[in-house]
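Report on one structure; see the data block that follows.
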Amino acid sequence: MSTLPTTTNPPLVCWNCQERTAGTHFCPGCGKVLQLPQQSDYFAMLELPRKLWLEMSVLEQKFLQLSWKLHPDNFVNASQEEREISLKRSSELNDAYRTLRDPIGRVEYLLAVESARKEGENKQQAPPELLEEVFELNESLDELRDAKATGGDTASLKQRLEAAEKNFEQKLAEVDGRLQATAREWDKAIDDNADEAARKQVMAKLNELLNRRSYIRNLVVNVRKELL
């Protein structure tokens, strides 16, 4: 997996010397730590391309380097404003690393910054081809709850649910595989400088797969709770 060109933050003015900068973490003129531009994102913060297939070793190296440079301990003798900026930047850096190191979180974040996925939208619905299996699963869950409440025999019901759990875990793994493949499509679209329509098409696929994954994962979680 090759390392890709990094993104850059938009130009901004240094809060200390008022010089225009290239959006780096430190002002090249006075050396003060810079505030994060509003237009920036986690990818730019870690000096990485806005792509989904990232080298984890590169991500970790970027994080460790910047974490050391931006750590509040390095600004003990600085002005109050610079100490506050350092503390905020350090916190933002931790959030960025935690998000981008998780493959699913990375996809969700990318779609969010591309305005393709917003909280409260894309309500979960059972995929049409899974409706029958989901209906049977819910019936089995209700039967197990009733058996627990009345002291009935739960052994056969648990066995049935364990089989259903394995079935949906396999479906979850299949969705993850499709997400990885579509993530590569996104990166190729960026490399090829694809037009907006092509990028939106890939993002729509990612959105659909995320919704499917979330729905199936919730099914698995519900089954595991009842099997405890």
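In the chain, carbon and sulfur make up what percent of the accessible area (probe 1.4 Å)? Mind dumping the intermediate values first?
Working: 6350 of 13570 Å².
C and S fraction of accessible area: 47 percent.
The helix-based estimate of mean residue ellipticity at 222 nm for the chain, built from -39,500 (n - 2.57) per DSSP H run of four or more residues and divided by its residue count, is -21000 deg cm²/dmol to the nearest 500. Spin-label model, Gln180/Ser57: points 7 Å from Cα along the beta carbon direction are separated by 1.9 nm.
Assuming charge only on the beta carbon of Lys and Arg (+1) and of Asp and Glu (-1), the dipole of the stretch 124-176 about its Cα centre is about 240 debye to the nearest 20. The longest part of the chain holding none of the exposed loop chymotrypsin sites (Phe, Trp or Tyr not before Pro), meaning those outside H, G, I, E and B in DSSP with at most 16 other Cβ atoms within 10 Å, is 54-228. Taking other residues whose beta carbon is less than 13 angstrom from the beta carbon of Arg145, and scoring Lys, Arg as +1 and Asp, Glu as -1, yields -2.
Is the stretch 69-141 best put as rounded, prolate or oblate by its Cα gyration tensor, with a ≥ b ≥ c the root eigenvalues, rounded for a/c under 1.5, and otherwise prolate when a/b is larger than b/c, oblate when not? In terms of gyration-tensor shape, prolate.
Compute the orientation-averaged projected area for the stretch 185-228 from the convex hull of its Cα atoms and round it to one decimal in nm². Intermediate results must be reported in sequence, preceding the final value.
Working: hull surface 13.6 nm².
With the hull built on Cα positions only, its mean projection is 3.4 nm².
Are any of the pairs Lys69/Lys188; Lys148/Lys225; Lys148/Lys171; Lys166/Lys205; Lys51/Lys200; Lys62/Lys188 more than 21 Å apart by Cα-Cα distance, and if so, which?
On the way: Lys69/Lys188 33 Å; Lys148/Lys225 13 Å; Lys148/Lys171 28 Å; Lys166/Lys205 25 Å; Lys51/Lys200 14 Å; Lys62/Lys188 23 Å.
With Cα atoms farther than 21 Å apart: Lys69/Lys188; Lys148/Lys171; Lys166/Lys205; Lys62/Lys188.
In a reduced charge model with +1 at each Lys and Arg Cβ and -1 at each Asp and Glu Cβ, the chain shows a dipole moment near 540 debye about its Cα centre.
The convex hull of the Cα atoms of the chain, projected and averaged over all directions, covers 17.0 nm². Residues whose amide H falls under 5 Å from that of Phe26, counting only those 5 or more places apart or on a different chain, are Leu34, with hydrogens built in the peptide plane. Using the Karplus relation 6.51 cos²θ - 1.76 cosθ + 1.60 with θ = phi - 60°, the per-residue 3J(HN,Hα) values for the stretch 92-98 come to 5, 5, 4, 4, 4, 5, 4 Hz, with x marking Gly and Pro.
Largest GNM mean-square fluctuation among Asn77, Asn167, Asn211, using the chain with Cα springs under 10 Å: Asn77.
Between Leu206, Leu130, Leu70, the residue with the greatest mean-square fluctuation in the GNM of the chain (Cα pairs under 10 Å linked by springs) is Leu130.
Just Asp176, Asp153, Asp41 to compare: in a GNM of the chain, with alpha carbon springs under 10 Å, which one fluctuates most? In this elastic network of the chain, the residue with the biggest mean-square fluctuation among Asp176, Asp153, Asp41 is Asp153. Take the chain and mark each of the GluC sites (Glu not before Pro) that is in a DSSP loop with at most 13 other Cβ atoms within 10 Å; the longest unmarked stretch, sites excluded, is 122-228. Count Lys and Arg as plus one, Asp and Glu as minus one, and take only other residues whose Cβ is under 13 Å from that of Pro49; the net charge is then 0. Run a plain Debye calculation on the stretch 100-228 (Cα atoms as equal point scatterers, no solvent) and give log10 I(q)/I(0) at q = 0.09, 0.17, 0.21, 0.22 Å⁻¹, rounded to two decimals, same order as the q list. Results for the stretch 100-228 at q = 0.09, 0.17, 0.21, 0.22 Å⁻¹ read -0.35, -0.90, -1.17, -1.24.
The values are calculated or read from the model by the stated rules, or taken from the named source; none is laboratory data. All values derive from a computational prediction rather than experimental measurement. Positions of Cβ are generated from backbone atoms using ideal geometry, with glycine treated the same way; all protein chains shown enter the neighbour counts. Surface accessibility is based on the protein's heavy atoms, side chains included, excluding ligands, DNA and RNA. Shrake-Rupley method; radii C 1.70, N 1.55, O 1.52, S 1.80 Å.
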